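The values are calculated or read from the model by the stated rules, or taken from the named source; none is laboratory data. It should be emphasised that the depicted structure is a prediction, and the values quoted were computed from it without experimental measurement. Note: ideal-geometry Cβ built from the backbone for every residue, glycine included; neighbour counts use all protein chains shown.
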Amino acid sequence: DFKMKLKKEGTVDWSNQPELEFLWRYEMKATRDEIWTYLSDTSRFNREMNFGKRSHIEKDGKVFVTTKMIGFTEQWIELPWTWLAGQTITSTRIYLQGMAEKVHSVFHIDEDKKTNRRIVYLYFGWTPKNAFWNFFLKATAPILQKNFGKAFTKLDLHYANLALKNVKAFRSVP
């Protein structure tokens, strides 16, 4: 179980139970380092996901983020992230305006030794602002899940093409 494993490792604090939870799993050929480089460059990754531009303001030691999501203004306090290099990124947002009270996110890379592939887990624990946003998050989660899948497929294809070019270059050396 994903949550139990990370709890045992002490990677994630699961003490606050959200109302809505989504756990998505993506199997990838890219190496852990290739995936980590992609995930940890959060600005690039957000652009890849077509998330709106964000403004960040630091005030009294807190980071306030504002963006538009499908026409709605979202504003939250971004709590400090927890990074375990090459493995896990966790973040928590406390919403001031928008669809939620809070969201807890976990991006975790694991190995599947049987298939020699990496498994990327994405977890989102939402506390929606109200019943409308609860419905909205449930309804749009499959779209978000699919978009993450497209981004990870694109990453896999990028590194597969690089590997193919390297093989071709190696074969052409006299």
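Residues are listed down the side, and each one gets a yes or a no for (1) at pLDDT 95 or above; (2) out of contact with any strand residue (DSSP E or B) (no Cβ under 7 Å at 6 or more places or on another chain):
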| site | (1), (2) |
| --- | --- |
| 75 | yes, no |
| 80 | no, yes |
| 85 | no, yes |
| 90 | no, no |
| 96 | yes, no |
| 113 | no, yes |
Practice task
Scan the strands (runs of 3 or more DSSP E) fully inside the stretch 51-156 and keep the ones with 2 or more residues being surrounded by 12 or more Cβ atoms within 10 Å (Cβ to Cβ) and in contact (Cβ under 8 Å) with a residue 24 or more places away in the chain.
Solution key: 62-69, 72-78, 82-84, 88-97, 100-112, 117-128
Practice task
Check off (1) closer than 23 Å to residue 7 by Cβ; (2) touching a Ser or Thr at 6+ places or on another chain (Cβ under 6 Å) for residue 92 and give me the number that stays unchecked.
Solution key: (2)
